[in-house]
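The values are calculated or read from the model by the stated rules, or taken from the named source; none is laboratory data. Please read these numbers as outputs of a predicted model, since none were measured by experiment. Reconstructed Cβ throughout: ideal geometry from the backbone, glycine too, with neighbour counts over all protein chains shown. The area values use the complete protein model at the heavy-atom level, side chains included, leaving out ligands, DNA and RNA. Shrake-Rupley method; radii C 1.70, N 1.55, O 1.52, S 1.80 Å.
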Amino acid sequence: MPSIADQLSAALGDAFASLELPRELGRVTPSKQNPEVFPFQCNGAMPAAKQAKTNPRELAGKLVEFLHGLPQIGAAEIAGPGFINLRPAEHLYSERAAEIAADERAGADVVETPRKVMIDFGGPNVAKPMHVGHLRSSVLGDSLQRLFRFRGDEVVSDIHLGDWGLQMGHLITELEDEQPDLPYFDAAITDGYPSEPPVDIEDLARLYPQASAKAKSDEARLERSRAATAELQAGRPGYRALLKHFIDVSVAALKKDFGALGVHFDLWKGESDADPLIPGLVEDFKARGVAEESDGAWVVRVAREGDKKELAPLILVSKTGAALYGTTDLATILDRKQTIGPDLTLYVVDLAQSDHFEQVFRAAEKAGLAAEGALEHVKFGTVNGKDGKRLRTRDGGTFRLADLISSAIQRADERLKEAGLAADVGAEEHDRVARMVGLAAIKFADLQNYRTTNYVFDLDRFTSFEGKTGPYLLYAAVRVKSLMRRAEEAGVKPGSIQADAAEERDLVLSLDAFGAALDQACENRAPNTICDHAFTLAQAFSKFYSACPILSAEDDVVKASRLALAQATLKQLELCLHLLGMEAPERM
Ligand code: ARG
């Protein structure tokens, strides 16, 4: 059964069609004025009147006349210059509520034609600590993969590890300075390297910044790292063997970190995996004239007539013969085309890389690697400090992801203690709850804004149990869970739903809007509409809960009906939380 909103839209569409006007004008929207009496409105009469050169109120009158007597319509009236206010027929509330209650998808449809959607997100760099930009990419990318999957698309996610740049040369040379006797550095040795890695994650975390700091002030040191990177890329066996160790060590640590965040990737590929495809790709681009020579380098010209700002050519091969970031991205597109064949690829990456992706996408299209519109940069803005500037540590450094997360969990723990929550569940469970609340706090704070919006990192606000926050939503879900437990103990079972009270109807309409929120989130590649929906739903439940007694209701039929409404709400709320990468505890 379509949503109530869609059923009304269809009725209005018929009304427009009866006057030989476009059906699309019949789309109804939730109304803000007087929603208790008329929860929906349709504004199509105004543009239609313009089109038909008639008076909008008159036209609205004809539409309303058509509506009278239709089974979906409870009431319809004209307001102002030609708005149509609408109330659904009584029976729709209980019918739709029953359907949502019985549906494991809580009323959200699957997409008609599923697509294969590749999502490239996370993008941490081997040996470089993850920072807050990687947090945004991870949280947003993970929610997007959940949304698309839930909606019925086939999703393949890839972490696309940064394991192929100068940082590898830094690591190799810095390790050589510390342990020159390792076999990897002896050019005469070409195989039989130890299978145990010569470094652990702490070593990597130390070696990279050490080398990068030296290279900043010492040109010769930088040159050594560059040369090592080039040798690595050219295939020097000892360096390749080291690279493999570095990647393995990093991936093991990253798997733990991402696991703790609740973020999953189908593929753990890296830039280096695309390397074998590069020589062939470069030859092909040269042969077909996609790439041209320029100052000793090979470039793909991507500027187009009418561009507002000049887009530099993509450098495929540098003067020194090195493949660059854009080259790896192109080779990765080729790899994915050959092995996966996605209809759509979403790159969940910082706004600052907009030009890079524009270059890569245009080059890929020019070379026929991807159809127009099949590659999309899902951009996001910055996380700022209270000064409105990019979030920095006290000494001006970039914030480590691990520190951000642990501070959120710690703040959540304090909040729980302040509020006397999760107090008698045992220490271990208390910690688990604090973790859930802390993660929900940062994830929700990130996702609730449209992604290109910059936001201020404010743990006090994020971890509050009041207002539009992750913890508020968890608490709302926990309240319903506890109600469901008490109902079970009292032997009360959910029954058929009758939505008579205003708060009950309002709750049904909130539940009804889930599918539209999901569609919009997928459409915009932005989960903020799910955040809004979950918040509205939790608020509607809260009003319902205080106005409509459940377990203490006198009438058993009413009791069972209200309990069923609560159960449906919990199901949908938990689905929303899941889509946002959050999880509610059983109690707190
Ligand atoms: N490793 C990159 C960074 O830290 C992000 C990778 C984004 N994905 C891509 N296909 N280029 O900035």
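For every residue, the table says whether it meets (1) at pLDDT 95 or above; (2) surrounded by 14 or more Cβ atoms within 10 Å (Cβ to Cβ).
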residue: T54; (1), (2): no, yes
residue: E65; (1), (2): yes, no
residue: Y93; (1), (2): yes, yes
residue: A98; (1), (2): yes, yes
residue: D103; (1), (2): yes, yes
residue: G107; (1), (2): yes, yes
residue: G122; (1), (2): yes, yes
Check G169, G141 and return the single one that is open to solvent by less than 10 Å² (accessible area, probe 1.4 Å), in contact with a Ser or Thr (Cβ under 6 Å, 6 or more places away or on another chain) and not in a strand (DSSP E or B).
G169
Given the structure, is D163 within 16 Å of the ligand (Cβ to nearest atom), farther than 27 Å from N454 by Cβ and open to solvent by less than 10 Å² (accessible area, probe 1.4 Å)?
yes
Could you please find all residues in region 176-211 being at pLDDT below 95, surrounded by 15 or more Cβ atoms within 10 Å (Cβ to Cβ) and of a type in the set (S, T, Y)?
Y208
Filtering region 257-271 down to residues that are out of contact with any Lys or Arg (no Cβ under 9 Å at 6 or more places or on another chain) and in a helix (DSSP H, G or I), which residue is nearest to the ligand (Cβ to nearest atom)?
E271
Considering only residues that are of a type outside the set (A, V, I, L, M, F, W, C) and more than 15 Å from the ligand (Cβ to nearest atom), which ones fall in region 363-380?
E365, K366, G368, E372, G373
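Where residues in region 342-359 are among the charged types (D, E, K, R) and either buried (at least 23 other Cβ atoms within 10 Å of the Cβ) or more than 21 Å from P114 (Cβ to Cβ) (or both), which of them is nearest to the ligand (Cβ to nearest atom)?
Among those that are among the charged types (D, E, K, R) and either buried (at least 23 other Cβ atoms within 10 Å of the Cβ) or more than 21 Å from P114 (Cβ to Cβ) (or both), it is D350.
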Failed condition for I84, given (1) surrounded by fewer than 22 Cβ atoms within 10 Å (Cβ to Cβ); (2) away from the ligand (no atom under 16 Å from the Cβ):
(1)
Quick one: what pairs do we get from region 437-454, first residue touching a residue at least 24 places away in the same chain (Cβ under 8 Å) and part of a loop (DSSP other than H, G, I, E, B), second among the aromatic types (F, W, Y) and open to solvent by less than 30 Å² (accessible area, probe 1.4 Å), C-beta under 6 Å, 6+ apart or different chains?
N449/Y455; R451/F380
Some residue of region 361-369 being open to solvent by 50 Å² or more (accessible area, probe 1.4 Å) and of a type in the set (K, R)
yes
For region 103-158, which residues satisfy the criterion of being within 16 Å of the ligand (Cβ to nearest atom) and among the hydroxyl-bearing types (S, T, Y)?
S137, S138, S157
Restricting attention to region 23-39, which residues are open to solvent by less than 50 Å² (accessible area, probe 1.4 Å), at pLDDT 95 or above and more than 21 Å from A98 (Cα to Cα)?
L25, G26, V28, F38
Out of the residues in region 296-339 that are at pLDDT below 95 and of a type in the set (S, T, N, Q), state the one that is nearest to the ligand (Cβ to nearest atom).
S318
Given the conditions (1) assigned to a strand (DSSP E or B); (2) in contact with a strand residue (DSSP E or B) (Cβ under 7 Å, 6 or more places away or on another chain), and given that T327 satisfies all but one, which numbered condition is not satisfied?
(1)
Which condition from (1) open to solvent by 50 Å² or more (accessible area, probe 1.4 Å); (2) free of Cβ contacts under 8 Å to residues at least 24 places away in the same chain is the one that L222 breaks?
(1)
Taking region 182-234 only, how many residues are hydroxyl-bearing (S, T, Y) and in a loop (DSSP other than H, G, I, E, B)?
3
Pairs under 9 Å by beta carbon, first residue without any contact (Cβ under 8 Å) to a residue 40 or more places away in the chain in region 367-387, partner basic (K, R), six or more apart or different chains?
G368/R288; L369/K337; A370/K337
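Among what's in region 383-424 and is among the β-branched types (V, I, T) and buried (at least 17 other Cβ atoms within 10 Å of the Cβ), pick the residue that is modelled with the highest pLDDT. Talk me through it step by step, then tell me what you get.
If we filter region 383-424 for residues that are among the β-branched types (V, I, T), which is where we start, we get 383, 393, 398, 405, 409.
Next cut, buried (at least 17 other Cβ atoms within 10 Å of the Cβ) only: 383, 405, 409.
Values: V383: 92, I405: 91, I409: 97.
Filtering first and then ranking leaves I409.
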